[in-house]
Amino acid sequence: MPEQMAKRDYVLEKIKTVFTKFGYDAIETPAIEYAETILGKYGEEVSKLVYRFKDNGDRDICLRYDQTVPFARVVAANYKTLPMPFKRYQIGRVWRADRPAKGRYREFYQCDIDIIGTQSLVAEAEIAKVMAEVFTTLGFSKFKIKFNSRRLINSILNDLKIPAENQAGMIRILDKMDKLSPAEIKQELKSLASDSEASKLLELVCVEDSSNDRLSLFQKYNTTEIQEFLKIAKGFGIPDEALVFDPSLARGLDYYTGVIFEVYIPEVDIGAVCAGGRYDDLCSLFCPEKFSGVGVAFGFDRIIVAMEQLKLLDEISLNSQALVAYFNAATLPDSLKILGDIQTAGLAAEIYFEPAKIAKQLKYADKKSIPFVVMCGPDEKERGEATIKMMKTGKQKTIPQDQIINYFKGYSSL
Amino acid sequence: MKTPERLRIAVQKSGRLNQGSMDFLVSCGLAFAPNGHSLILPCQNFDLDVLYLRDDDIPEYVSRGVADFGIVGQNVLAEKEFKPKILKKFDFGKCRLMIAAPADSVIKTPKDLEGERIATSYPKLLIDYLKKEKLEAAIIPISGSVEITPDLNLADAICDIVQTGTTLKAHDLVPLFTILESQAVLIESPINKQFKEKFLLKCGIN
């Protein structure tokens, strides 16, 4: 409905503005892909959540599960003509055959940014900066960008002598950390590792200290990537308190290889509102070239829920900011001129379509929460004036018609 | 003429702060040759140049460190949202930023400003004031001679600097309430230069 769409458009516009500020351009890919493109890219459990069906031509097709895999396909098909490194944003619907719950939907919007064709950690840090700027711009003050490194997790698992073929499975179990208790996680881990190995792993990743203290516990493993990332992130001016190193962060998807991210809003219990990370070999499934990339997806619908809960969207009204009243055929030309002037001043404005009673026209404005009604009746037309009614206070102000543009241009609350 | 050791102080070129600013510098023992039309006035007995500027440009010069010091009204600093270190407050340049309206106007209290047209050279300060008072009004930005706008039906009230009130009276305007009290201040650039101390010592500051 219009009220909800006004809020969604407002949020979308803000997110897009941040993306474009960092030089991301938009692309779109089809909602439907061949099954072979989508399946086998995410790991077994996730593949079950893909909507898959046969079309009338008996083609095996899927609705896209995210925008990253279709993006990889597009890059693989076009890399020779794309500027490299290639960065883009993509905003669209994705579909997951999941059981709906709070913050979990079968159809929802993702806003993705990806940088492909560079291994530089400046890319990870830029992504973190964009995340920080998006959530700051939207009015969140306490968001946490949790991060970890798949390389670090693998280095820990190698140290525990976990066979390579079991590591992906263990990472998927670790990813459930915020849904299951440590005991349940341990139980699940036992299918892939010994009791002592599982205990050691949990003891390592479940530390309650602050970001920097946590990092010092991992000296024996490979933390150079994380150190370097933090250094560049600081250069980008990301606030220290927004970046939280979380060694238990795993991300369920198979394709991540380096730094991984999840963003949480501590006051809102809705899960991650943004997530992603570094993937090194995604495109190699579609072409002989290998492109390293890093990207995140913003969970648009969860962000809306969080903003509504924190009352960050209460002020957003419908588009129209001024209604020009319609008195009669003789005054209509003046009214239409006034309409144009209000729009020139930068306000969204509309004319009432019929010369109805003014009370009815005011009621219409009220119903749409339009803050100004501008009237030019026969008397005003005679004197070259217009009357502005401020709907909030009911006060009326009559000014010369040729001052309409400056009046609204200088209006303090616009 | 420019050597890196030479300091610069920005001073209003002409207007109500010029004389007070120069008097202060002379009282510190600085000597200047009679000035022709040059906008840079070298001091004869100290490594200092005086830059003659429009007062609303002074914050820009000082914030960038082009001028190491400046003498400017607090009203200008507030309008430009520049918050430098203030070294000294002067007795001159005292004034108030006030809302004034024609004697026969319905505008008597802040609440009456709702929806009215207010002409001003200080749009930022006015918008802050309106926000603080939870009011909305149409701001008509004008660079000077704000007092004539109500008479021309361009505005219903004005927001302007009042010193003695004679200009207002001449246009049949009544001062209603104060938005900001202001006086001339000596400010220091946030950009560091090692020779600043010498000037401060000379002026008897610190």
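Report, in degrees rounded to the nearest 10, the 0 to 90 angle that the Cα long axis of helix A:68-78 makes with the longest principal axis of chain A.
Long axis of A:68-78 versus the principal axis of chain A: about 90 degrees.
In whole Å, what three semi-axes, largest first, describe the equivalent ellipsoid of segment B:22-62 built from its Cα gyration tensor (square root of 5 times each eigenvalue)?
Numbers: eigenvalues 72, 30, 18 Å².
Largest first, segment B:22-62 gives 19, 12, 9 Å.
Exactly which trypsin sites (Lys or Arg not before Pro) in segment A:297-352 are in a DSSP loop and have at most 15 other Cβ atoms within 10 Å? Working shown, then result.
On the way: sites: A:Arg302, A:Lys311, A:Lys337; in loops: A:Lys311.
Passing sites in segment A:297-352 are A:Lys311.
Take the alpha carbon gyration tensor of segment B:62-206, find the square roots of its eigenvalues, order them as a ≥ b ≥ c, and report rounded if a/c is under 1.5; if not, report prolate when a/b exceeds b/c, else oblate.
Numbers: a/c = 2.94, a/b = 2.28, b/c = 1.29.
Note, shape of segment B:62-206 comes out prolate.
How high is the FRET efficiency from A:Ala348 to A:Arg383, r the C-beta distance, R0 25 Å, rounded to 0.05? Don't skip to the end; give the middle numbers.
Numbers: r = 27 Å, r/R0 = 1.10.
Plugging the Cβ-Cβ distance into 1/(1 + (r/R0)^6) gives 0.35.
Rounding to the nearest 20 debye, state how big the charge dipole of segment A:1-160 is about its Cα centre with +1 on each Lys and Arg Cβ and -1 on each Asp and Glu Cβ. Intermediate results must be reported in sequence, preceding the final value.
Details: 27 positive and 21 negative charges, 89 e Å.
Rounded to the nearest 20 debye, it is 420 debye.
How far, in degrees from 0 to 90, does helix A:332-344 lean away from the longest principal axis of the Cα atoms of chain A, to the nearest 10?
That works out to roughly 30 degrees.
P(r) for segment A:259-413: what percent of alpha-carbon pairs falls in each 10 Å bin, starting at zero?
10, 28, 18, 13, 14, 12, 6, 1
Hey, rough spin-label estimate for B:Thr164 and A:Lys392, points 7 angstrom out along Cα→Cβ, what's it come to in nanometres?
4.1
With a Cα-only, solvent-free Debye model of the protein assembly as shown, what are the log10 I(q)/I(0) values at q = 0.08, 0.10 Å⁻¹?
Result of the Debye calculation: -0.85, -1.04.
Neighbouring Cβ atoms within 10 Å as the yardstick, rank A:Asp254, A:Asp25 fewest first.
A:Asp25, A:Asp254
Please give the net charge around B:Gln194, taking every other residue with its beta carbon less than 14 angstrom from that of B:Gln194, where Lys and Arg add +1 and Asp and Glu add -1.
Numbers: positive: B:Arg6, B:Lys193, B:Lys196, B:Lys198; negative: B:Glu5, B:Asp47, B:Asp68, B:Glu188, B:Glu197.
Around B:Gln194, the charge tally is -1.
What percent does the relative contact order of segment A:295-414 come to when contacts are Cα pairs within less than 8 Å and at least six residues apart?
Values: 163 pairs, mean separation 29.3, N = 120.
After rounding, I find 24 percent.
With each run of n ≥ 4 DSSP H residues scored as -39500 (n - 2.57), what mean residue ellipticity at 222 nm is computed for chain A after dividing by its residue count and rounding to the nearest 500 deg cm²/dmol? Numbers along the way, then the final one.
Working: 16 runs with 159 residues, N = 414.
Per the formula, -11000 deg cm²/dmol.
Taking the Cα centre of each part, how many Å lie between segment A:265-325 and segment A:2-32?
9
List the GluC sites (Glu not before Pro) within segment B:10-100 that DSSP assigns to loop and that have no more than 13 neighbouring Cβ atoms inside 10 Å. Let's see the in-between values first.
Working: sites: B:Glu60, B:Glu79, B:Glu81; in loops: B:Glu81.
Here the sparse-neighbourhood loop sites are B:Glu81.
Using alpha-carbon positions, what is the distance between the centroids of segment A:47-101 and segment B:173-206, in Å?
62
Between rounded, prolate and oblate, where does segment A:49-139 land on the alpha carbon gyration tensor, with a ≥ b ≥ c its root eigenvalues, rounded for a/c under 1.5, else prolate if a/b exceeds b/c?
Details: a/c = 3.10, a/b = 1.27, b/c = 2.44.
It comes out oblate by the Cα gyration axes.
Using only DSSP helix segments of four residues or longer, with each worth -39500 (n - 2.57), what per-residue ellipticity at 222 nm results for chain B after dividing by its residue count and rounding to 500? If you can, show how the numbers build up before the last one.
On the way: 6 runs with 45 residues, N = 206.
Here the helix-only value at 222 nm equals -5500 deg cm²/dmol.
Between the helical axis of B:18-27 and the dominant principal axis of chain B, each derived from Cα atoms, what acute angle in degrees is found, rounded to the nearest 10?
Approximately 30 degrees, to the nearest ten.
Using the alpha-carbon centroid of each, what span in Å lies between segment A:186-205 and segment A:353-373?
67
Counting Lys +1, Arg +1, Asp -1, Glu -1, what net charge surrounds B:Leu130 among other residues with beta carbon under 13 Å of its beta carbon?
Working: positive: B:Lys111, B:Arg117, B:Lys124, B:Lys131, B:Lys132, B:Lys134; negative: B:Asp112, B:Glu114, B:Glu116, B:Asp128, B:Glu133, B:Glu136.
With Lys, Arg at +1 and Asp, Glu at -1, the neighbours total 0.
Using a basic spin-label model with each label point 7 Å from the Cα along Cα→Cβ, how many nm lie between A:Ala77 and B:Ala33?
With each label placed 7 Å out from Cα toward Cβ, I get 7.8 nm.
Suppose we flag chymotrypsin sites (Phe, Trp or Tyr not before Pro) only when DSSP calls them loop and at most 15 other Cβ atoms lie within 10 Å. Which is the longest uninterrupted stretch of chain A?
On the way: sites that count: A:Phe22, A:Phe236, A:Phe353.
Counting only loop sites that pass the neighbour cut-off, the longest clear stretch is A:23-235.
If exposed GluC sites (Glu not before Pro) are those in a DSSP loop with at most 15 other Cβ within 10 Å, what is the longest stretch of chain A that has none?
Working: sites that count: A:Glu28, A:Glu208, A:Glu267, A:Glu289, A:Glu315.
By the stated rule (loop sites, at most 15 other Cβ atoms within 10 Å), A:29-207.
Charges on Cβ only, +1 for Lys and Arg, -1 for Asp and Glu, centred on the Cα centroid of segment B:55-130; of B:Val62, B:Ile127, B:Leu113, which one is farthest towards the dipole's positive end?
Checking the options against the dipole of segment B:55-130, the answer is B:Val62.
Where nothing but the Cβ of Lys and Arg (+1) and of Asp and Glu (-1) is charged, how large is the charge dipole of the protein assembly as shown around its Cα centre, in debye to the nearest 20? The partial results should precede the final answer.
Values: 82 positive and 85 negative charges, 70 e Å.
In debye, rounded to 20, the protein assembly as shown gives about 340.
Shape call for segment A:332-403 from the C-alpha gyration tensor, a ≥ b ≥ c root eigenvalues: rounded (a/c under 1.5), prolate (a/b greater than b/c) or oblate? Spell out each step's value before the answer.
On the way: a/c = 1.37, a/b = 1.26, b/c = 1.08.
Verdict is rounded for segment A:332-403.
Could you size up the charge dipole of segment A:156-312 around its Cα centre, putting +1 on the beta carbon of Lys and Arg and -1 on that of Asp and Glu, and report it in debye to the nearest 20?
Working: 16 positive and 26 negative charges, 41 e Å.
In total the dipole reaches around 200 debye.
Just flag the GluC sites (Glu not before Pro) in segment B:94-158 sitting in loop per DSSP whose Cβ has no more than 16 other Cβ atoms within 10 Å.
Values: sites: B:Glu114, B:Glu116, B:Glu133, B:Glu136, B:Glu147; in loops: B:Glu114, B:Glu116, B:Glu133, B:Glu136.
Sparse-neighbourhood loop GluC sites (Glu not before Pro): B:Glu133.
Charges on Cβ only, +1 for Lys and Arg, -1 for Asp and Glu, centred on the Cα centroid of chain B; of B:Ser38, B:Cys28, B:Tyr52, which one is farthest towards the dipole's positive end?
B:Cys28
How charged is the neighbourhood of A:Phe19? Take every other residue with its Cβ under 13 Å from the Cβ of A:Phe19, and add Lys/Arg as +1 and Asp/Glu as -1.
Here the count lands on 0.
State the answer as a single residue: which of A:Pro288, A:Val374, A:Thr81 lies farthest towards the positive end of the charge dipole of chain A, with beta carbon charges of +1 for Lys and Arg and -1 for Asp and Glu, about the Cα centre.
Sorting the options by dipole projection puts first A:Val374.
Values quoted throughout were computed directly from the atomic coordinates according to the rules given, and no laboratory measurement underlies them. Quick caveat: nothing in here was measured; it's all calculated off a predicted structure. Virtual Cβ from ideal backbone geometry, glycine too; neighbours counted across all protein chains shown.
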